[in-house]
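So the structure is just underneath, and the comments pick up after that.
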Amino acid sequence: MRGKDKIRDEVRAEWRISGKHDPENVRELEREVDRRFHWERIVAEAEAYEREYGPVRIEFVAAPDDEICKRCWQLNGRSLSLAELKANPNLPGCRCAIVLPSEE
């Protein structure tokens with residue numbers, strides 16, 4: 001799994017090329033870095049668990065006081081397989097996603 005410094009460099013480079021975002025907007029930059037970092041953490045954790053114990057599911061449990069996690073609120077209580085999560089890279093990869101053993 002990559003560290004936040006490598007992800008930050010990647011995001012800045014992408015933003016400079018696209019011109020869609022201000023690479024110096026620290027708040028927006030750190031939100032995107034955190035999103036990607038946690039996305040990679042969730043995927044790595046799920047893959048490791050699945051290799052050792054079998055199928056997993058990723059469940060979203062939104063924090064009720066977090067205003068940033070509007071998308072997590074839409075997913076609150078939903079469980080996805082690892083394949084479903086990987087197929088939707090635009091899903092949030094924040095702390096609201098947790099890896100659990102599959103119910104199967």
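Neighbour counts of other Cβ atoms within 10 Å put SER79, SER18 in the fewest-to-most order SER18, SER79. Panel order for ILE42, ILE98, ILE17, by other beta carbons found within 10 Å of each beta carbon, from fewest to most: ILE17, ILE98, ILE42. In order along region 27-34, the Karplus-derived 3J(HN,Hα) couplings, from 6.51 cos²θ - 1.76 cosθ + 1.60 at θ = phi - 60°, round to 5, 5, 4, 5, 4, 5, 4, 4 Hz, and Gly and Pro are given as x.
Evaluating 6.51 cos²θ - 1.76 cosθ + 1.60 at θ = phi - 60° for every residue in region 78-85, the Karplus couplings come out as 7, 10, 10, 6, 4, 4, 5, 5 Hz, glycine and proline recorded as x.
Give, in nm to one decimal, the length gained when the segment between ALA87 and ALA13 is fully stretched (0.36 nm per residue of separation minus the Cα-Cα distance).
Gain in length upon complete extension: 24.2 nm.
Note on GLU47 and LYS20: with the Förster distance fixed at 35 Å, the Cβ-Cβ geometry gives a FRET efficiency of about 0.70.
Rule-based calculations on the coordinates, nothing more; no lab input. Only a predicted model underlies this, so the values are computations on that prediction, with no experimental measurement involved. Methodologically, a virtual Cβ is constructed for each residue, glycine included, from the backbone with ideal geometry; neighbour enumeration extends over all protein chains shown.
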